[in-house]
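Visitor: Right, I'll just put the structure down here and ask away after.
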Amino acid sequence: MSSLWLENRPVAPHPGTEVADLTGSRYDHVVVGAGITGLVTGVLLARAGATVAVIEARTAGAVTTGHTTGKVSLLQGTRLSTIASRHDSAVVAAYVDANREGMEWLLRFCADAGIPVDRETAITYASDDKSADTVVAEHRAALEAGLDVQMVADTDLPFDVAAAVALPDQAQLDPMPVLDALAEDLRSHGGVLIEGVRVRGTGLPGLGIPGLPSTGDLTLRTDHGHVRAGSVTVATGMPILDRGAHFARLTAQRSYSAVFSLPDDQIPRSMSLAAGSPSVSLRYAWRPSPDGDERVLMVGGFGHETGRTGSERAHVEELIRWTRATFPGAELRSRWSAQDYSSVDELPVVGPVLPGESRVLVATGFSKWGMTNGVAAAIACSGRLLGGRHPWADVYRSWRPSQVTSVVSAAQMNAQVGMHMARGWVGALTRSVGPAPTADGDGRVGRDGVRPVGRCRVDGETTDVTPVCPHLGGILHWNAAEESWDCPLHGSRFDARGAVLEGPATRDLP
């Protein structure tokens, strides 16, 4: 279930630095996470002459960036009208300015590095009258924010639409060559990419005089020793640091993607996204074949909150069924999924992990638009650390008033967390885990004696884990579509054997 981008990627030409022990190492800046946000942050800091390490628990692009749809667009489905429903027009305009700067930086970088980019029209469409008003609202919000959008009657989609708004000259790309080029740029300026090292947490230095900022180096605890740093930027999706309680202000969401072969003339050239349900994303991509690169159809969407659905397989099956009904003859080539995070007030969260702690920054809450928001976040974080300022960055700041005043959304979000916590423990302690599953890919949670057990069967092997998330103790849910243990509280995920994959958890399951 690897993404098209990871399948396309050859062995990395310059693998990350391998280390046995980091104890005693020191950098001006450490960035945690080697996706698009982390690597752009590292590059910008290294270009300024600082010593920089980007530390990645797995490999660059192993999580969200390597599983993105690769769209680089200022028309983002219904994102602008959603933000406009919670904020005034100045905030929406600043959000667009941030994404424009992120987009322009990324496309300049791709041009300088010789990375192919397809420039196409982005479309947000309504397939029925029920969602047509949403498209009209998106058109209005985009116009007010200064985008050259147009309502269009005709599209290149193979079905009728009730309404559609279009923005020309947007972009789509394969993110993995971008990450490889960023890693090379980082090294060329003296920075290092350290892969296979998981950061467990950070420690603050002595606080010095009461009321004044802390002084001295920060300490990062990793599974390969302690690292000292002048600053730390956490670019891990859900922040791995609990101080700041960002996990209580973010919702983890999974979505699915698949690639299909079709005759070339049946594949739309636009990048489209449905305003209604299901929220279907379409674009073309390139897949290596014996006769040269083949243009393929990429279909995404059909998502849900992580760990909070009865069957992930059903979402995947719905995606495949919709595609085959809409594009007769489509042949499935590969499928995968991704995880992203949305904040309580619909805006990214970028800045100090705590008020006043300006040397520990977080960057998250990109709502599935990380190719622009993530780069903008990197520009904001590096600018803050280097003493610069971007006017649009104020709408991203991590302790903005709307994060505090969105009490209704936060209450609803955390009520759901509490419900899943209680429901998970009741289920785990009141039903027997039973014998080993007979079908590959199946798993269940139940009681073995007095303790909860997660039991799954993958590749013919049955494995037991303790299905309790080490982050905050939620009972895990078996994800049969991806053969993983997923936490319904804050989105931590673990493989069938219990190794942590992503989320705020930093330790494996026992």
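Visitor: Scan segment 73-91 for residues that are crowded, with 17+ Cβ neighbours inside 10 Å and of a type in the set (G, A, S) and jot them down.
Guide: The answer is S73, G77, S81, A84.
Visitor: Of (1) hydroxyl-bearing (S, T, Y); (2) surrounded by 24 or more Cβ atoms within 10 Å (Cβ to Cβ); (3) over 20 Å from A48 (Cα atoms), S367 satisfies all except one. Which?
Guide: (2)
Visitor: Limited to segment 26-50, what total is found for residues that are part of a strand (DSSP E or B) and surrounded by fewer than 20 Cβ atoms within 10 Å (Cβ to Cβ)?
Guide: Selection size over segment 26-50: 2.
Visitor: Looking at segment 362-390, which of the residues that are among the charged types (D, E, K, R) and over 12 Å from G237 (Cβ atoms) is nearest to the chain's Cα centre (by Cα)?
Guide: The residue in question is R384.
Visitor: Which one of V280, V296 is in contact with a Gly (Cβ under 7 Å, 6 or more places away or on another chain), among the β-branched types (V, I, T) and at pLDDT 95 or above?
Guide: From the options V280, V296, the qualifying one is V280.
Visitor: Could you tell me whether segment 296-307 includes any residue that is closer than 27 Å to R9 by Cα, open to solvent by 30 Å² or more (accessible area, probe 1.4 Å) and not β-branched (V, I, T)?
Guide: yes
Visitor: Quick one: count up the residues across segment 260-273 that are β-branched (V, I, T) and either surrounded by 23 or more Cβ atoms within 10 Å (Cβ to Cβ) or within 30 Å of R221 (Cα to Cα) (or both).
Guide: 0
Visitor: Sticking with this structure for a sec: Please work out which residue is nearest to E305 (Cα to Cα), limiting yourself to segment 455-477 and to residues that are out of contact with any helix residue (DSSP H, G or I) (no Cβ under 9 Å at 6 or more places or on another chain) and crowded, with 17+ Cβ neighbours inside 10 Å.
Guide: Out of the qualifying residues, it is C469.
Visitor: Suppose we filter A20, A53, A94 for residues that are open to solvent by 30 Å² or more (accessible area, probe 1.4 Å), over 16 Å from P175 (Cβ atoms) and touching a residue at least 60 places away in the same chain (Cβ under 8 Å); which single one remains?
Guide: A20
Visitor: What residue, among those in segment 422-449 that are more than 18 Å from D486 (Cα to Cα) and without any contact (Cβ under 8 Å) to a residue 12 or more places away in the chain, is least open to solvent (accessible area, probe 1.4 Å)?
Guide: The selected residue is G449.
Visitor: Taking the options P158, P177, name whichever one is within 23 Å of the chain's Cα centre (by Cα) and touching a residue at least 12 places away in the same chain (Cβ under 8 Å).
Guide: P177
Visitor: When you look at N8, is it surrounded by 24 or more Cβ atoms within 10 Å (Cβ to Cβ) and polar (S, T, N, Q), yes or no?
Guide: no
Visitor: Within segment 229-250, take every residue that is under 21 Å from A376 (Cα atoms) and touching an Asp or Glu at 6+ places or on another chain (Cβ under 9 Å) and give me the one that is surrounded by the fewest Cβ atoms within 10 Å (Cβ to Cβ).
Guide: Selected residue: S231.
Visitor: Tell me, yes or no, whether segment 486-495 has at least one residue that is closer than 26 Å to L250 by Cα, free of Cβ contacts under 8 Å to residues at least 40 places away in the same chain and open to solvent by 10 Å² or more (accessible area, probe 1.4 Å).
Guide: The answer is yes; a qualifying residue exists.
The values are calculated or read from the model by the stated rules, or taken from the named source; none is laboratory data. Computed from a prediction, not measured in an experiment: that's the story for all the values here. Virtual Cβ from ideal backbone geometry, glycine too; neighbours counted across all protein chains shown. Just the protein is used for accessible areas: all its heavy atoms, side chains included, with ligands, DNA and RNA removed. Shrake-Rupley method; radii C 1.70, N 1.55, O 1.52, S 1.80 Å.
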